[in-house]
Amino acid sequence: MKTISAVVEHYIKKKPFLQSALAQGIINLTSLSRIVKPEVEEELGKEVRNGAIVMALKRLSDDLEFRATHRIVKVLKNIGEITVRSSLTDFTFLLSNSILENQSLLLKEVNRNKDVFYTSSRGVNELNIVVSSTLDPVVEQLFNGETCTQKSTNLSSITVKLPAENVSVPGIYYFIFQRLAWEGIILYEVISTTNEFTILVNDEQVESAFKTIKDLKSL
């Protein structure tokens with residue numbers, strides 16, 4: 001048999017931003033109960049008092065599952081080096097039989113200049129390449145025969161070093177990207193390894209993105 005608490009919890013879990021705001025105590029529970037009430041009553045098939053919904057919301061807001069846990073905060077406080085690179089270009093190509101050979105030629109060019117930025121990731125259908133804008137002519141020449149579906153310029157990258165324990169604590173990336181989303185920061189790319197990740201943002205938003213990530217260390 002469904003309970004008011006179970007229905008309210010299910011409603012909140014479907015809305016991550018609402019869940020986080022509830023955990024931080026920045027929502028008026030009475031006002032929220034009025035919004036939740038129609039769906040709760042429809043789910044239960046009966047009339048429900050606002051007070052009962054408020055109590056269910058209160059229990060959820062006190063539940064550790066709905067809070068930034070101590071383990072997440074501990075990891076974020078130990079964020080390591082944050083590296084920013086500017087003047088980057090993001091290329092996206094459709095996969096082909098020749099694209100890996102062209103990529104190997106590009107790597108040779110990259111190795112000749114250790115100061116340039118280069119990173120790449122491969123999906124099921126696409127290959128993504130991010131390089132310093134000085135390499136744009138080289139990429140365009142080497143990949144002339146490939147299908148380029150997107151080219152974005154005037155981008156910056158922010159690379160964040162995470163503590164080794166990040167792989168054993170759930171919610172780390174959600175917590176970080178949630179904060180970036182709250183600040184209205186658009187992510188062009190997200191590239192990660194085991195203990196670090198890189199985001200690609202517009203040059204105009206790099207300062208805001210950097211500050212948002214840096215502020216996580218003082219939670």
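None of the figures in this text is laboratory data; all of them are computed from the coordinates on show. Note that the structure is predicted; figures quoted are calculated from it, not measured. Quick reminder, even Gly has a Cβ in these numbers, built from the backbone with ideal geometry, and neighbours come from all protein chains shown.
Centroid-to-centroid, using Cα positions, the stretch 164-219 and the stretch 114-137 are 20 Å apart.
Counting only DSSP H runs of at least 4 residues, each contributing -39500 (n - 2.57), and dividing by the residue count of the chain, the helix-based mean residue ellipticity at 222 nm comes to -13500 deg cm²/dmol. Remark on the stretch 4-67: ratio of C-alpha radius of gyration to 2.2 N^0.38 Å is 1.00.
A Förster distance of 30 Å, applied to the separation of the beta-carbon atoms of residue 122 and residue 167, puts the FRET efficiency at 0.85.
At a Förster radius of 35 Å, what calculated FRET efficiency corresponds to the Cβ-Cβ distance of residue 105 and residue 174, to the nearest 0.05? Intermediate results must be reported in sequence, preceding the final value.
Details: r = 38 Å, r/R0 = 1.09.
So, using R0 = 35 Å, E works out to roughly 0.35.
log₁₀ I(q)/I(0) of the stretch 77-218 at q = 0.15, 0.22 Å⁻¹, via Debye over equal Cα point scatterers, no solvent, to two decimals? Once normalised to I(0) and log-transformed, intensities are -0.79, -1.35.
For residue 217, the lysines whose Cα falls under 16 Å of its own Cα, not counting residues fewer than eight places away in the same chain, are 74, 77, 161.
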